[in-house]
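The values are calculated or read from the model by the stated rules, or taken from the named source; none is laboratory data. Every value quoted in this text rests on a predicted model; they were computed, and no experiment measured them. So basically every Cβ, Gly included, is an ideal-geometry build from the backbone, and we count neighbours across all protein chains shown. Accessible surface areas use protein heavy atoms only, side chains included; no ligands, DNA or RNA. Shrake-Rupley method; radii C 1.70, N 1.55, O 1.52, S 1.80 Å.
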Protein chains: 2
Amino acid sequence: MNFAPLLKYIANYVSLTATEIAFLESKLTIRTYLKGQYIVQQGDICKNVGFVLSGCTKTFYVDKEGQEHILMFSVEDWWTSDMGSFITQTPAYFNVQCLENTELVMFSYEANEELYEAIPKLERFFRLIIQKAFVSSQERIVRNFSLSAKEQYLHFRDQYPLIEQRIPQYMIASYLGITKEFLSKIKSQLILEQ
Amino acid sequence: MNFAPLLKYIANYVSLTATEIAFLESKLTIRTYLKGQYIVQQGDICKNVGFVLSGCTKTFYVDKEGQEHILMFSVEDWWTSDMGSFITQTPAYFNVQCLENTELVMFSYEANEELYEAIPKLERFFRLIIQKAFVSSQERIVRNFSLSAKEQYLHFRDQYPLIEQRIPQYMIASYLGITKEFLSKIKSQLILEQ
DNA sequence: AGTGAATGTTAATCTAGTTTAACATCATTT
DNA sequence: AAATGATGTTAAACTAGATTAACATTCACT
């Protein structure tokens, strides 16, 4: 059970005693999924929030035309879940699927509640990371309506250079909200421009 | 000092004792702004999160072309601030301006920190409301790339029928990420369709 | 009541990004 | 090495929404 990356991550926000760490670990589980497996499917109740130890997932939504829209990718040291489903324990709107073999630390709904009761510092920890997630979600909304597709792609490439290498281009197009054909055009334009 | 709407709102999430309420109130201030006044300007450090008692604000971003993009409206029982600036105490990205005379309960950064220390239930409260804000921000991203402008307008009208009455149409267009001319076209189409 | 500013409408022209469809490349399995 | 499926490219035709510009309406103030 390798909780080290999670503990290091938490230590950026709050500091836990040895006893608290032991209690925390006792409430968590580690689970591995194979490439292609679903962690959550649209309509499920999302029972866990996962912290990625290794691998990569995509969170996406299939619209009424059957089109897939990718909301986020999660790699090492990121979180993955359908937060809406998790917090209200109602059917999920999103799918979460593994793009690689993926190892996760699982925080179940019940474990989270117990952890908040027992260790208020963890409530602070989650408040802090959700605040950050909220802010970056808002920033993305702004980018959506103030940047062109090309500018958004450049921003993505800039901000997540490592993710771009690991993920097929048509999924990046879906994340950016454009077609794979248009992303291909943008990339060939960028090559000409250099 | 009329904190009643705030206390009622908080009671939906956590229950406070009379002593806790007294302490909370001692850390808060109420401030009124006139229509047109700025609560936060791009570049300021956002010192407060405001809870709207009455009135209405818009949170917007001015892009490099000078175009204004409205991220949210806040009316009674909603929150208003530049959350990114507030949590990191760095210069704001957004402007917050009053669309009506507006009365706010102000939570300063320092007050918030003291409140979290003194009353862990308030840390829970903020965690819960930020979780909700994060989820609705994600839902908006999905709508942005899976709905047409017309569908997005109908969704807005459905979800915020009262807000639509109070706000000029060109600001609603800005919120939806379309031009006022196109929103006008959509509305005349909808009238024909009936 | 009349004037100017703010808000809203209409229509023509334009463009960023979509759709469709055919083809190219790459990786995996047999 | 051939075959299959997954991924990526190119180009032509199309469309949702932007831009521009002229005009209409409503509001707020003297």
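The orientation-averaged shadow of the Cα convex hull for the range B:136-194, equal to a quarter of the hull surface, comes to 4.1 nm².
Accessible surface area normalised per residue over the protein assembly as shown is 48 Å², counting heavy atoms of protein chains with a 1.4 Å rolling probe. Taking both sides together, the accessible area buried where A meets B is about 3600 Å² for a 1.4 Å probe. Which of the listed residues, A:Asn101, A:Pro5, A:Pro161, is farthest toward the dipole's positive end in chain A, when Lys, Arg count +1 and Asp, Glu count -1 at the beta-carbon? Sorting the options by dipole projection puts first A:Pro161.
For the range A:154-194, the dipole from Cβ point charges (+1 on Lys and Arg, -1 on Asp and Glu) about the Cα centre works out to 100 debye, to the nearest 20.
Extents of the protein assembly as shown, largest first, come to 58, 57, 45 Å (Cα atoms, principal axes, whole angstrom). Take B:Ala18, push a point 7 Å out from Cα through the beta-carbon direction, and compare it with the same point in every other copy: 4.6 nm, smallest first.
Spatial offset of the range B:1-77 relative to the range A:125-159 amounts to 23 Å, using the alpha carbon center of each.
Placing unit charges on the Cβ atoms only, positive for Lys and Arg and negative for Asp and Glu, gives chain A a dipole magnitude near 400 debye about its Cα centre.
Over chain A, what relative contact order in percent results from Cα pairs under 8 Å that are six or more residues apart?
Numbers: 286 pairs, mean separation 44.4, N = 194.
Rounded, it is 23 percent for chain A.
The charge dipole of the range B:5-53, taken about the Cα centre with unit charges on the Cβ atoms of Lys, Arg (+1) and Asp, Glu (-1), comes to about 140 debye, rounded to the nearest 20.
Derived from the Cα gyration tensor, the three semi-axes of the equivalent ellipsoid of chain B are 32, 18, 16 Å, largest first. Solvent exposure of B:Ile178, expressed as accessible area, is near 40 Å², computed with a probe of 1.4 Å over the protein chains only.
Within the accessible area of the protein assembly as shown, the carbon and sulfur atoms contribute 53%, probe 1.4 Å, all protein chains present.
In angstrom, the C-alpha Rg and Dmax of the range A:1-66 are 15.5, 51.
Remark: the range B:5-21, residue by residue, has Karplus-estimated 3J(HN,Hα) of x, 5, 5, 5, 5, 4, 4, 5, 10, 9, 10, 9, 7, 4, 4, 5, 4 Hz, where x stands for each Gly or Pro and the curve is 6.51 cos²θ - 1.76 cosθ + 1.60 at θ = phi - 60°.
Contact-buried residues of the range A:136-158, at a threshold of 50 Å² lost accessible area versus the chain by itself: A:Ser137, A:Gln138, A:Ile141, A:Val142, A:Phe145, A:Ser146 (1.4 Å probe; DNA, RNA and ligands ignored).
Take A:His155, push a point 7 Å out from Cα through the beta-carbon direction, and compare it with the same point in every other copy: 1.9 nm, smallest first.
Among residues other than A:Lys8 with Cβ under 14 Å from its Cβ, the summed charge is -3 (Lys and Arg +1, Asp and Glu -1).
Measuring nothing but how far apart in sequence close Cα pairs (under 8 Å, 6+ apart) lie, relative to its length, the range A:2-95 scores a relative contact order of 31 percent. Interface residues of the range B:55-95, defined as those losing at least 10 Å² of solvent-accessible heavy-atom surface relative to the isolated chain (probe radius 1.4 Å), are listed as B:Tyr61, B:Asp63, B:Lys64, B:His69, B:Leu71, B:Met72, B:Met83, B:Gly84, B:Ile87, B:Tyr93, B:Phe94.
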